[in-house]
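Below: one structure, written as structure tokens.
Values in this text are rule-based calculations from the coordinates and carry no lab data. All values derive from a computational prediction rather than experimental measurement. When we count neighbours, we look across all protein chains shown, and the Cβ atoms used for this are built from the backbone with ideal geometry, even at glycine.
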């Protein structure tokens with residue numbers, strides 16, 4: 001029984017580490033960039049709001065409310081910091097012009113113009129739509145130091161950011177497809193996005 005538990009734990013660690021692997025297609029050839037983050041370079045390197053567990057998110061819901069509006073998989077990723085299987089999201093192959101929104105709140109998060117092919121199997125972007133769109137938190141789980149990315153509207157888990165992306169930022173925001181909603185340019189946005197932009201009209205994206 002203990003052997004089975006140890007094998008399962010090892011599998012989880014390897015799976016969580018997969019997104020942190022440096023893709024050769026996204027290298028910036030800068031030898032001083034390490035995969036693990038350090039507190040000294042937080043403010044200088046990454047784009048987002050640095051916060052801890054006390055950050056005040058404008059959209060607050062109970063666990064029951066989240067469970068009622070999200071599928072089991074979405075809840076696991078967005079609210080329990082889960083990770084989807086690599087290459088499982090259709091959003092990984094999206095090439096159309098448009099905007100990616102939070103699947104939890106409808107908040108604008110990334111423009112398609114910042115999306116790039118990272119080779120990791122998860123939708124990847126070199127910067128968020130604005131610095132205030134995402135909150136960054138230190139994640140020391142599974143024996144690694146990573147930077148977790150959550151939406152700044154509700155604190156819902158999106159993925160992680162790594163310093164191995166392309167120019168101009170050198171960053172790779174490695175996101176779970178299930179945490180995002182894509183709306184192509186000219187497409188009617190879903191009710192969740194409409195409701196968010198009605199509440200926060202100043203965040204309406206332009207393409």
Could you give the length gained by full extension between residue 132 and residue 113, i.e. 0.36 nm per residue of separation minus their alpha carbon distance, to one decimal place? 5.0 nm
Potential lengthening between residue 195 and residue 80 on full extension [0.36 nm per residue; Cα-Cα distance subtracted]: 39.0 nm
√(5λ) per eigenvalue of the Cα gyration tensor, the range 46-203, largest first, Å: 21, 19, 16
Subtracting the Cα-Cα distance from 0.36 nm times the residue separation, let me have the gained length for residue 96 to residue 64 in nm, one decimal. 8.0 nm
Could you order peptides 145-154, 69-78 by the average number of other Cβ atoms within 10 Å of their residues, highest first? 145-154, 69-78
With labels modelled as points extended 7 Å from the Cα through the Cβ direction, what inter-label distance (nm, one decimal) is found for residue 55 paired with residue 188? 3.4
Using only alpha-carbon positions, what ratio does the radius of gyration of the range 119-195 give when scaled by 2.2 N^0.38 Å? 1.19
